[in-house]
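FYI, it's all coordinate maths here, none of it is from the lab. As the structure is a prediction and not an experimental result, all values here were calculated from the model. Neighbour counts are summed over all protein chains in view; Cβ atoms, including those assigned to glycine, are modelled from backbone coordinates with ideal geometry.
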Amino acid sequence: MQTPLLSIKNLRTYFHLDEGVLKAVDGVDLEMQTGQTLGIIGESGSGKSVMARSVMRLIAPPGRVEAGSQILLNTNDGEPVDIAQLPYDGDALRQIRGKSISMIFQEPMTSLSPVHRVGDQILEAVLLHVTRDKTEARAITLDAIQRVGIPNPERAFLSYPHELSGGLRQRIMIAMALACRPQLLIADEPTTALDVTVQWQILRLMDALRNDLGMAILYITHDLGVVAQIADTVAVMYLGQIVETADVFTIFERPLHPYTQSLLKSIPKVGAQSRQRLEAIGGTVPVPINLPVRCRFADRCQFVKPECSIAAPALRLVDNGHAVRCFLHHQEVEHGR
Ligand SMILES: Nc1ncnc2c1ncn2[C@@H]1O[C@H](COP(=O)(O)OP(=O)(O)OP(=O)(O)O)[C@@H](O)[C@H]1O
Ligand SMILES: [Mg+2]
């Protein structure tokens, strides 16, 4: 077996609030290989962003990555590091952010400085992480801008963010994330704010760059069409936990968890009448404070059984690479959480 690029074990990220402990991520295990695209899906509030930010340790008090969590990254240069154990403000973490792992956020305006030219912003990251040679750094920056399909890289280099369209700004964000040749790119709903055509262009672009640069992509979205397009493997999150994971074909062809099945039913079908309502999942995602020990989806599940209210199911492999957290498919109880 290949050593995984990223190996997450029992990741727990809790927010310590006056009302109680909000368990945004509560025992996530997952592995990623070099070159793999893992899609994370789940409704709003399921913990996707907190999980992604935890991998970068971008969680501020009252949130924290709890003791016992492991985020093992096999960097190109040196020993594997457990990101969960690194000092919060140290050099080691700064080296990992931007160099080994880059993240693209949903809204590009919030991550670009409005008062600096976009080229200089990318250049700064390259000077920090790749080379101190200014001429070389400029060449790498222009190459990154060109790779993301921007027609006139020199002109884009000199632009300010507000002078660019939403699609171009998002491309600049991707260029910035890629200029440092990360081993892992985390994309948190990077195309939701864009129109559909630009969205598909960017997905194709990210896929091409993954092949060229040999990186892995952790792609977060609540759009199953996007997942079908880009992911090799899919993990479905509900209330801070992974409830099902499998390769992308299996998730679409043979989803086992009732939650995954409901998510799939909520995709509008091609040819459906435009007025037809989406089949929504009954109920809403609760806030994960003081959750009882039981299946977290039991209240909303149409196949609920008595045991679902007494114990919490473990995430267990039921087939090659296909794991599910549901008593309809196995009887393994989760202990110690
Ligand atoms: N800074 C914070 N302080 C307190 N609670 C937070 C904070 N950030 C997130 N949460 C809570 O953590 C849970 C998971 O939130 P998260 O943002 O990860 O969801 P998500 O799956 O990314 O949703 P969306 O699809 O809307 O982006 C939610 O209950 C949310 O309210
Ligand atoms: Mg989010």
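Going by average Cβ neighbours within 10 Å, how do the peptides 143-149, 129-135 rank, with the highest at the top?
143-149, 129-135
On a 0 to 90 degree scale, rounded to 10, what angle separates helix 118-129 from the longest Cα axis of the chain?
80 degrees
Out of Glu154, Glu307, Glu79, any idea which swings most in a Gaussian network model of the chain, alpha carbons joined below 10 Å?
Between Glu154, Glu307, Glu79, it is Glu79 that shows the largest mean-square fluctuation.
Translational D (Stokes-Einstein, µm²/s) of segment 6-324 at 20 °C and 1.002 mPa s when Rh comes from the Kirkwood sum over C-alpha pairs?
Stokes-Einstein gives a translational diffusion coefficient of 103 µm²/s.
Which whole-Hz couplings ³J(HN,Hα) result when phi for each residue of segment 254-261 is put into the Karplus expression 6.51 cos²θ - 1.76 cosθ + 1.60, θ = phi - 60°, listed in order with x for Gly and Pro?
Once rounded to whole Hz, the list reads 9, x, 9, 6, x, 5, 4, 4.
Points 7 angstrom from Cα along the Cβ direction at His162 and Val21: gap in nanometres?
4.6 nm
Amide H neighbours of Val318 under 5 Å, at least 5 residues apart or on other chains, H built in the peptide plane: list them.
The list, which skips near neighbours in sequence, is Ala323, Val324.
Please pull out the direction-averaged projected area of segment 177-325, using the convex hull of its alpha-carbon atoms, in nm² to one decimal place. Before the final figure, lay out the partial values.
Numbers: hull surface 45.0 nm².
Mean projected area of the Cα convex hull: 11.2 nm².
Could you tell me how many cubic angstrom of Cα convex hull volume segment 1-97 has per residue? Could you put the intermediate results ahead of the total?
On the way: hull volume 10.7 nm³, N = 97.
Expressed per residue, the convex hull around the Cα atoms of segment 1-97 is 111 Å³.
Distance in nm between label sites at Phe249 and Leu317, each 7 Å beyond Cα in the beta-carbon direction?
About 1.9 nm, to one decimal.
Tell me, what ³J(HN,Hα) does each residue in segment 59-76 have, in order and in whole Hz, if you take phi through Karplus 6.51 cos²θ - 1.76 cosθ + 1.60 with θ = phi - 60° and put x for Gly and Pro?
Computed from phi, the couplings for segment 59-76 are 10, 9, x, x, x, 7, 7, 6, 4, x, 7, 10, 10, 8, 10, 8, 6, 4 Hz.
For Leu164, Leu328, Leu11, what's the fewest-to-most ordering of other Cβ within 10 Å of each Cβ? Before the final figure, lay out each step's value.
On the way: Leu164 18, Leu328 14, Leu11 24.
Result, fewest neighbours first: Leu328, Leu164, Leu11.
Roughly what angle does helix 134-147 make with the longest principal axis of the chain, taking Cα atoms, 0 to 90 degrees, to the nearest 10?
50 degrees
Which net charge results for the neighbourhood of Phe15, defined as the other residues with beta-carbon distances under 13 angstrom from its beta-carbon, given Lys and Arg at +1 and Asp and Glu at -1? Mind showing how you got there, number by number?
Working: positive: Arg12, Lys23, Arg53, Arg64; negative: Asp18, Glu19, Asp26, Glu66.
Once all neighbours under 13 Å are counted, the net charge is 0.
Give the total of Lys-Lys pairs in segment 6-324 with Cα-Cα distances below 23 Å; include a pair only if its members are 8 or more places apart or on different chains.
Values: Lys9/Lys23; Lys9/Lys48; Lys9/Lys99; Lys23/Lys48; Lys48/Lys99; Lys48/Lys265; Lys99/Lys134; Lys265/Lys305.
Lysine pair count for segment 6-324: 8.
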